[in-house]
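In what follows, a single structure is set out as structure tokens and then discussed.
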Amino acid sequence: MMAALIHSPFAEIAVLLVLAALLGFVGMMLRQPLIVAFIALGLIAGPSALDIVRADAQIDVLSQLGIAVLLFLVGIKLDVKLIRSLGAVALMTGLGQVAFTSVFGFLIGMALGLDAITSLYVAVALTFSSTIIIVKLLSDKREIDSLHGQIALGFLIVQDLVVVLAMIILSAIGIGTAEAGADSRSVAMVFGAGIALVGLVVMFVRYVANPLTEWLAQAPELLVIFAIAMAAMFAAIGYGVGLGKEVGGLLAGVALASTPYRETIAARLAPLRDFLLLFFFIALGSALDLSLLGSHITEAIIFSLFVLIGNPLIVLIIMGALGYRKRTGFLAGLTVAQISEFSLIFIAMGVSLGHLREDALGLVTMVGLVTIAASTYMITYSHQLYALCGPYLGLFERRGTPREADQPVAQPWGGFPVVIFGLGRFGTAIGLRLHKRGIAVLGVDFNPYAIKRWRALGLASAFGDASDPEFIAGLPLAQAQRVVLSVPVHPTGLSHEDTRMTLIQLTRAAGFRGQIAVTSHSAEDTAMLQAAGADLVLEPFQDAADRAAALLCGAAIEDRTVIPPIISEAQPAN
């Protein structure tokens with residue numbers, strides 16, 4: 001009935017966008033990422049429900065452009081310098097998880113009665129985790145710079161490299177899969193065209209990319225248009241020479257990955273990527289029959305449990321073997337408990353090549369819905385989950401945890417009158433000024449780069465998670481006179497505990513009887529912290545304004561120490 005009311009492609013797309021906004025709102029209320037709402041929209045708009053998708057050509061073009069932009073943004077992150085910086089833990093954990101999921105996923109598929117080709121495709125699809133979702137969730141929790149966050153980013157890069165390799169192999173396999181005689185290009189010709197395209201990218205990177213983007217950056221809008229044009233052009237060339245639009249879009253991103261403006265380009269294209277991917281999921285849903293989802297319900301449940309439990313488990317095992325604490329391995333492992341949008345794209349490519357039937361796409365779509373929805377809550381409530389599971393995870397931790405040798409239980413602490421939690425710019429500034437006054441300060445943080453900077457300043461440090469009761473209990477708090485809590489403030493809401501409140505409780509439980517000073521950014525925060533037991537509330541913005549007013553009125557300017565910045569780019573921990 002609704003389909004009959006839509007008389008033009010524009011009206012159809014307008015209706016789809018309204019539905020996307022409504023479903024996105026529902027997803028936000030349920031604390032789910034937009035990808036879940038988009039997949040649901042595709043199924044609802046498809047033939048099994050509202051059946052309103054009629055502008056197939058227009059939606060298909062937007063869908064293909066979305067895939068090209070998505071692969072472009074993957075390519076633009078594959079800077080050679082970043083790849084070289086991959087630590088051993090990221091490489092071994094990433095490859096180990098991919099190998100484990102592929103092998104056991106294939107065996108599970110065969111045991112469930114799937115044919116060998118379908119089992120292989122599904123197994124490979126299950127190895128990909130959603131970088132978009134993980135980075136968003138970790139950023140929301142202010143854990144992107146924590147040790148487990150940095151390790152997760154490291155093996156996500158490894159997964160992205162595997163995605164690239166899988167796409168290239170699949171494109172190569174697809175050469176000549178059309179009907180006999182329908183494609184006159186030989187494998188050798190396509191291979192030669194691929195080498196030529198890679199050579200073009202190399203020459204562009206070496207001689208053109210930097211000066212051209214520097215010139216275009218004078219008009220940021222033109223820089224964005226140029227990036228989109230690169231993605232579309234390379235995708236079209238890739239498709240034209242037989243490599244596929246995905247590989248072409250990826251190479252376009254690689255061509256700009258070494259430029260100083262890659263972060264700007266990526267940030268500006270991210271909303272466009274999300275918008276265009278909406279049409280990919282609409283096209284995906286319009287090609288699916290909801291009965292296909294139900295035809296493999298048992299298989300979908302088994303594969304979902306495998307991803308939700310097996311993937312985190314193998315990460316926990318590998319990281320434990322490498323010498324990390326069970327807590328770090330557990331929190332990092334939760335980030336791979338879902339499949340990604342690439343999994344659906346990968347399976348869709350297999351269907352388009354004639355390797356798979358439509359029901360395989362329905363199976364992986366169901367697994368995607370279940371694992372993305374469930375893992376979102378798992379990551380959001382990761383600390384509560386660890387509190388439940390932690391006592392049973394001792395098997396996965398080596399004695400001494402050599403990779404986290406900075407834990408206080410292994411250190412003969414001296415006396416520190418002041419302990420500072422949170423070594424950002426404000427915490428570091430406080431520490432430096434106390435140090436200049438001759439007061440010994442111990443800095444505590446879970447960001448390895450903040451610890452590295454703190455040590456470079458000649459200050460004592462302890463690396464660890466401030467919400468870990470075992471870690472807090474091992475700190476020399478009984479001898480301290482003051483504790484300063486300068487930790488990031490989590491967003492308010494049911495899903496995020498306030499680390500400051502937790503630390504007030506944990507430090508008192510660990511035997512600290514001195515003064516607790518806590519940073520606050522609002523009057524409501526101040527009242528809440530004082531009620532929770534804070535002895536002194538520091539308000540950086542208000543205090544800075546008071547100091548600025550004093551300086552403007554002629555107060556003497558004290559000598560200031562320049563604080564080096566924390567490394568802002570995501571770098572995998574070694």
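Some values worked out for this structure:
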quantity: Exposure proxy ranking, count of Cβ atoms within 10 Å, fewest first, for Ser258, Ser130; calculated: Ser258, Ser130
quantity: Cα gyration tensor shape of the stretch 407-552, rounded if a/c is under 1.5, else prolate or oblate by comparing a/b with b/c; calculated: oblate
quantity: Shape of the stretch 2-395, Cα gyration tensor, a/c cut at 1.5; calculated: rounded
quantity: Residues Thr298, Thr371, sorted so that the one with the fewest Cβ neighbours within 10 Å comes first; calculated: Thr298, Thr371
quantity: Residue exposure sequence - Arg453, Arg268 - by fewest surrounding Cβ within 10 Å; calculated: Arg268, Arg453
quantity: Highest average packing first - 235-241, 533-539, 198-204, Cβ atoms within 10 Å; calculated: 235-241, 533-539, 198-204
quantity: Radius 12 Å from Cβ of Thr507, net charge of other residues (Lys, Arg +1; Asp, Glu -1); calculated: +3
quantity: Global geometry of the stretch 4-73, whether rounded, prolate or oblate, following the gyration tensor of its Cα atoms and the 1.5 cut on a/c; calculated: oblate
quantity: Phi-based couplings in Hz for the stretch 533-545 (Karplus 6.51, -1.76, 1.60; Gly and Pro marked x); calculated: x, 6, 7, 9, 10, 9, 10, x, 5, 5, 5, 5, 5
quantity: Highest to lowest packing among 59-66, 14-21, 36-43, 111-118, scored as the average C-beta count within 10 Å; calculated: 36-43, 59-66, 14-21, 111-118
quantity: Relative contact order (%) - criterion: Cα under 8 Å, at least six apart; region: the stretch 407-552; calculated: 21
quantity: By average C-beta atoms within 10 angstrom, highest first, the peptides 379-387, 89-97, 150-158, 206-214; calculated: 150-158, 89-97, 379-387, 206-214
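Every number here is computed from the coordinates shown, using simple stated rules; none is lab data. No experiment lies behind these values; they were computed from the predicted model shown. Backbone-built Cβ (ideal geometry, glycine too); neighbour counts: all protein chains shown.
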